[in-house]
1. Could you list, bin by bin from short to long, the percent of Cα-Cα pairs of region 165-297 in 10 Å steps?
2. Which three lengths, in whole Å and largest first, does region 259-322 cover when its Cα atoms are put on their principal axes?
3. Among the trypsin sites (Lys or Arg not before Pro) within region 145-250, which fall in a DSSP loop and have no more than 11 other Cβ atoms within 10 Å of their own Cβ?
4. Looking at region 271-354, which chymotrypsin sites (Phe, Trp or Tyr not before Pro) are in a loop (DSSP not H, G, I, E or B) and have at most 13 other Cβ atoms within 10 Å?
5. For labels at ALA366 and ASP334 in the simple 7 Å Cα→Cβ model, what's the distance in nm?
6. Taking the Cα-to-Cβ direction at SER376 and at ALA193 and moving 7 Å from each Cα, how far apart do the two end points lie in nm?
7. Can you give me the convex hull volume of the Cα atoms of region 261-379, divided per residue and expressed in Å³?
8. Gain in length, ARG317 to ASN71, computed as 0.36 nm per residue apart minus the alpha-carbon separation, to one decimal in nm?
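No lab work stands behind these numbers, since they all come straight from the coordinates. Bear in mind that the values here come from a model prediction, so they are computed numbers and not experimental data. Here the Cβ positions follow ideal geometry from the backbone for every residue, glycine too, while neighbour counts run over all protein chains shown.
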Amino acid sequence: MVEWAITLNFSVRAIRAVEDLPDFLQGRHFDWLFLDVELGRTQCLQIIETLGTGWQPRTVLVGNIDPDTLNGIRQSAIRAGLDVVGALAKPLSFSALSARLAALEARDKDHTNADLAARDLDRIPGEELEIHYQPIVSIRDRVFSRAEALVRWRHPEYGLIGPEGFIGLAERSGAIIQLTWDVLTRTAEQQAAWNEQGLPLAIAVNISARFLGSVRTADEILALLREKRIEPSTLILELTETERAPDPAVARALLARLREAGVRISMDDYGVGYSDLGRLQYYPFSDLKMDRGLVARLPDDREGRDIVSMLVSLAAREKVTLTGEGIETQEQWDALESLGCDFGQGFLIARPMPGERVTGWISRMAKAGRYRPPGSSRS
């Protein structure tokens, strides 16, 4: 394996052996992939298969090969979930590369968002939605027992758009209600499929405060779970900014109805606001997800460790579980483990991946002795 860094307002890392790729990716996060198609179709497909297990960078194909082979590699990368944004021929100068990146970034920041915002976003077509799942592991016994469902929009013109590119628009237009139902339905269907395979996974789904406008919503969610034969205790609703609920009293009654039926309610991004304790006591939370900014301060920041230790004690006192989100290094994992955090989530464990790739990831992790399969023990 060969690595080097070149400063062009970004860093470049290179790897030359396909078999070294899984270890190279462990604990790292990259925004871009430049795939040299002149490596040959076989090696390119091996790289795509490895990356498709959870890492979906924006991808540029680089090299001079016949159009049919190039198109075959492009289609394989798209099917694997990679966001293919273009192809560049060789020789490729760094100035041309920098200009190309700047143009793509400008398109995303300005044109795409402006164009989407100008449209009547009353609903995102269901066939254009993709749900990826990021594993959540019990820190105590290394059992993979939960996953977070993360929605992506495979836009026919702009390619794969992350939630930061459309969730805000959907909330402002009201499309967030139907979007949430689409995600809940898709994840319930995926859970049902995993249950048939003997994989009892709990799934966390992000819920907008705007979704909490009617107590009837609780009964509709429970009806969906009954239809798909999903145990309510395996659904976790993750909430942020609960103060934005249309009617807090209605939201509390809705969530209480779900909690009585067994659905778990998680407060996301916990530990970043002064009103957190009040919200924890007002709503029937069963789980807390620690803000990733706190995890990023571990293990060396003394104040950060003290805050995390306080949250662990608070979670124990309130009888709720605590998840550390955004774990990227083994040192952060070790700090959370020593402080008594219940669950871990982040790139160190796995990147979000399509549902059909989860079973393969489970098998590889079990074989490597890193994490144990769902159902190995109670977490």
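1. It works out to 12, 42, 35, 11, 0, in whole percents.
2. 42, 19, 19
3. Numbers: sites: ARG146, ARG152, ARG154, ARG172, ARG186, ARG210, ARG216, ARG226, LYS228, ARG229, ARG244; in loops: ARG229.
Qualifying residues, ordered by number: ARG229.
4. Qualifying residues, ordered by number: TYR274.
5. Going by the 7 Å Cα→Cβ label model, 2.9 nm.
6. In this crude spin-label approximation the distance works out to 2.4 nm.
7. Numbers: hull volume 15.1 nm³, N = 119.
Looking at region 261-379, the number lands at 127 Å³ per residue.
8. Numbers: separation 246, 0.36 × 246 = 88.56 nm, distance 5.71 nm.
Answer, rounded to one decimal: 82.8 nm.
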